[in-house]
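K.L.:
Below you will find the structure I want to go over with you.
Coordinate-derived values only; no laboratory data. All values derive from a computational prediction rather than experimental measurement. So basically every Cβ, Gly included, is an ideal-geometry build from the backbone, and we count neighbours across all protein chains shown.
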Amino acid sequence: MGTRDLAVPALRVIIDRREAGWELVGVVTQPDRATGRSKQPVAPPVKALAAAAGIPVFQPETWRDEAAVELLRGLRPDVGVVAAYAQLLPRRVLRIPPAGWLNIHPSLLPRHRGPSPVAASILAGDRETGVSIIKLVPAMDAGPIVDQVRSPIRPDDTTATLTARLADLGAQRLPAVLDRWVAGSITPRAQDAAAATYSRLLTRQDGLLDWTRTAVELERQVRAYDAWPGTYTFLEGHRLSVAAAEAVPTPSSALPGTALRLDRVAGRPALLIATGAGQLAAIRLQLEGRRELEAGEFVRGKAGTIGARLG
């Protein structure tokens with residue numbers, strides 16, 4: 001079971017393992033959803049890969065549908081794998097495979113349970129994260145840990161780059177873990193519930209930049225929300241997206257949100273903006289209705305940017 005890009009590497013590994021005697025009896029994903037301006041239904045990435053490999057694909061709208069549960073039961077799976085499926089499984093579905101369901105979660109559980117663990121790890125300033133493979137239980141991300149591997153978070157990581165790396169890491173671990181799990185040679189360990197932290201579903205409002213926060217916090221926000229919802233402020237009443245930024249420790253006496261000057265940061269033109277502590281170097285910017293620009297080109301094309309108060 002999987003839907004988003006995070007699930008694709010794991011599915012690809014399982015498809016490849018068919019040569020080693022595995023039988024992939026089916027793939028479950030979310031229904032096609034309307035997207036973009038055309039509002040045309042688009043298939044999830046997992047569906048496209050499974051269909052190309054000739055694997056039966058099922059897209060139940062809900063597991064309250066008894067016919068969907070019976071269809072899954074009829075496949076008689078020995079074990080199930082879940083990655084970025086975006087739907088909680090009820091007990092009657094969890095009980096279908098004798099060996100249960102293994103879930104690939106992109107964090108070091110019990111830290112960052114929930115729907116946005118990669119963004120949460122960047123926002124928190126974590127130095128490392130990883131992948132946890134757990135046995136699913138009815139509570140969210142609370143099942144016992146079957147396997148866990150650590151990975152550093154790079155200073156320039158965004159949610160997009162870190163998610164891709166963790167998806168590959170989880171996929172690499174999966175074949176050996178599945179073989180050993182089904183053979184009964186892994187003893188899972190319980191999570192420490194007292195140490196659990198939780199991420200939440202992100203909304204568009206989360207992307208609004210609060211210039212009274214520190215430059216370090218704002219840089220993390222830009223990196224964490226690059227995929228969704230993006231980060232933004234306002235210039236003269238118009239929405240201004242900040243697509244890439246870097247924290248600069250130099251203090252400023254200007255009011256937070258003041259666009260100070262154009263400078264070079266890490267060899268790139270950047271618009272320096274005063275914050276609650278330090279300055280944020282905005283490297284790529286996009287005014288609503290316009291295309292994304294490097295900071296130098298943006299400032300040259302938008303008179304009055306320098307000295308303006310953003311927000």
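K.L.:
Given H placed on each backbone N at 1.01 Å, which residues far from Leu260 in sequence or on other chains put an amide H within less than 5 Å of it?
P.N.:
Leu272, Ile273, Ala274, Gly307
K.L.:
If you don't mind, another one. Quick check on the range 204-301: take the gyration tensor over C-alpha atoms, sort the square-rooted eigenvalues as a ≥ b ≥ c, and tell me if it's rounded (a/c under 1.5), prolate or oblate. Provide the component values of the computation, followed by the final result.
P.N.:
Values: a/c = 1.39, a/b = 1.11, b/c = 1.25.
In terms of gyration-tensor shape, rounded.
K.L.:
Given N residues in the range 5-195, what is Rg(Cα) / (2.2 N^0.38 Å)? Mind dumping the intermediate values first?
P.N.:
Numbers: Rg = 16.6 Å, N = 191, 2.2 N^0.38 = 16.2 Å.
Against the empirical 2.2 N^0.38 Å value, I get 1.03 for the range 5-195.
K.L.:
Long-range amide H contacts for Arg239: which residues qualify at under 5 Å (H placed 1.01 Å from N, peptide plane, sequence gap of 5 or more or a different chain)?
P.N.:
Close amide H contacts, sequence-distant or interchain: Glu288.
K.L.:
Is the C-alpha gyration tensor of the range 185-252 telling us rounded, prolate or oblate? Criteria: a/c under 1.5 is rounded; beyond that, a/b larger than b/c is prolate, otherwise oblate. Show your work: numbers first, answer last.
P.N.:
Working: a/c = 3.02, a/b = 2.13, b/c = 1.42.
Note, shape of the range 185-252 comes out prolate.
K.L.:
With 10 angstrom as the radius, rank Glu23, Glu217 by how many other C-beta atoms surround their C-beta, starting from the fewest. Write out the running numbers ahead of the final one.
P.N.:
On the way: Glu23 8, Glu217 18.
In order of increasing Cβ crowding within 10 Å: Glu23, Glu217.
K.L.:
Ok, one more. Once you order the gyration tensor axes a ≥ b ≥ c over the Cα atoms, which shape class does the range 100-189 get: rounded for a/c under 1.5, otherwise prolate or oblate by comparing a/b with b/c? Please report the intermediate quantities before stating the final value.
P.N.:
Values: a/c = 2.45, a/b = 1.66, b/c = 1.48.
Prolate is the answer for the range 100-189, as a/c is 1.5 or above and a/b outweighs b/c.
K.L.:
Next question. With contacts defined as alpha carbon pairs under 8 Å and 6 or more residues apart, what's the relative contact order of the chain in percent?
P.N.:
Value for the chain: 13 percent.
K.L.:
Still on this model: Can you list the HN-Hα couplings for the range 245-252, worked out from phi with the Karplus curve (6.51, -1.76, 1.60; θ = phi - 60°), rounded to whole Hz and with x for Gly and Pro?
P.N.:
Along the range 245-252, the couplings run 7, 9, 6, 10, x, 4, x, 9 Hz.
K.L.:
Another question, then. If I build a Gaussian network model for the chain, linking alpha-carbon pairs within less than 10 angstrom, which residue out of Ala195, Ala247, Ala124 has the largest mean-square fluctuation?
P.N.:
Ala195
K.L.:
Considering only the other residues whose Cβ falls under 10 Å of the Cβ of Trp228, what net charge follows from Lys and Arg at +1 and Asp and Glu at -1?
P.N.:
Details: positive: Arg204; negative: Asp206, Asp226.
Spelling it out: positives minus negatives among the neighbours equals -1.
K.L.:
Relative to the longest principal axis of the C-alpha atoms of the chain, give the angle of the C-alpha long axis of helix 66-75, reported between 0 and 90° and rounded to the nearest 10°.
P.N.:
Relative to the chain, helix 66-75 is tipped by roughly 70 degrees.
K.L.:
Using the Karplus equation 6.51 cos²θ - 1.76 cosθ + 1.60 (θ = phi - 60°), what ³J(HN,Hα) coupling, rounded to whole Hz, does each residue of the range 203-218 give in order, writing x for Gly and Pro?
P.N.:
These are the phi-based 3J(HN,Hα) values: 10, 4, 5, 4, x, 5, 7, 9, 6, 7, 7, 6, 4, 5, 5, 5 Hz.
K.L.:
Under 25 Å Cα to Cα from Lys135, which lysines show up? Leave out anything in the same chain fewer than 8 places away.
P.N.:
Within reach: Lys47.
K.L.:
Cα centroid distance between the range 106-180 and the range 225-287, in Å?
P.N.:
Between the Cα centre of the range 106-180 and that of the range 225-287, the gap is 30 Å.
K.L.:
Something else: Ranking Ser121, Ser199, Ser151 by Cβ neighbours within 10 Å, fewest first, what do you get? Present the calculation step by step, with values, prior to reporting the outcome.
P.N.:
Working: Ser121 28, Ser199 20, Ser151 16.
The fewest-first ordering by Cβ neighbours comes to Ser151, Ser199, Ser121.
K.L.:
Neighbour counts of other C-beta atoms within 10 Å: give me Leu240, Leu287, Leu208 arranged from fewest to most.
P.N.:
Working: Leu240 24, Leu287 18, Leu208 14.
In increasing order of surrounding Cβ atoms, one gets Leu208, Leu287, Leu240.
K.L.:
Right, next: Can you list the trypsin sites (Lys or Arg not before Pro) in the range 74-156 that are in a DSSP coil and have 14 or fewer other beta carbons within 10 angstrom? Show your work: numbers first, answer last.
P.N.:
On the way: sites: Arg91, Arg92, Arg95, Arg111, Arg113, Arg127, Lys135, Arg150; in loops: Arg95, Arg111, Arg127.
Listed in order of number, the matching sites are Arg95, Arg127.
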